[in-house]
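A short worksheet on the structure shown next.
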Amino acid sequence: GSSRKAAMPAKTESPWTNIKESMGRRPPRCTGEAVQCAIDVAAFASPTARTSRILLFTNGCPNLGSGNIVRMDSRVRNKVAADVIDNMAMVDAVNYFEAIGKDASDENRIGIDVFLSGAGSLGLQ
């Protein structure tokens with residue numbers, strides 16, 4: 001008899017590895033995409049439910065993707081939050097999160113609870 005060895009697939013590089021390297025030492029936080037994904041999952045998973053709820057626990061500002069408020073030149077860890085926040089991006093992020101929150105509430109009856117630590121360092125008290 002002939003014995004066949006299963007061909008091992010070629011190792012592929014994770015896209016998260018590339019993101020981590022481009023972010024320097026600051027951990028990536030794709031909060032906007034995470035919330036949008038949770039909304040999509042909740043809307044799809046329970047289309048006949050009266051309501052759904054999403055809980056978001058975060059420690060730090062969104063620094064990648066939709067809702068990002070970190071200046072591109074501030075990707076280095078250990079900077080004071082005031083040096084990192086882009087005020088124009090903050091306005092855009094507030095508008096973005098308000099829009100997806102309103103859509104989640106009005107269209108899909110999904111409530112979103114956010115538990116944020118580190119708000120004092122962001123000036124959000």
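The values are calculated or read from the model by the stated rules, or taken from the named source; none is laboratory data. Small disclaimer: the values here were computed from a predicted structure and weren't measured. When we count neighbours, we look across all protein chains shown, and the Cβ atoms used for this are built from the backbone with ideal geometry, even at glycine. Ligands, DNA and RNA are stripped out before the accessible areas are found, and what is left, the full protein with its side chains, is counted by its heavy atoms. Shrake-Rupley method; radii C 1.70, N 1.55, O 1.52, S 1.80 Å.
Scanning the range 41-56 for residues that are part of a helix (DSSP H, G or I) and open to solvent by 90 Å² or more (accessible area, probe 1.4 Å) turns up just one, F44.
Contact map, the range 46-63: first residue of a type in the set (G, A, S), second residue in a loop (DSSP other than H, G, I, E, B), Cβ cut-off under 7 Å, separation 6 or more or different chains; pairs are S52/S46; S52/R109; G60/R29; G60/G118.
Yes or no, residue by residue, for (1) in a loop (DSSP other than H, G, I, E, B); (2) at pLDDT 90 or above; (3) in contact with a Ser or Thr (Cβ under 7 Å, 6 or more places away or on another chain):
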site	(1), (2), (3)
A38	no, yes, no
T58	no, no, yes
P62	yes, no, yes
R77	yes, no, no
E107	no, no, no
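For the range 7-36, enumerate the residues that are at pLDDT 90 or above, among the small types (G, A, S) and open to solvent by 40 Å² or more (accessible area, probe 1.4 Å). Scanning the range 7-36 gives a single hit, A34.
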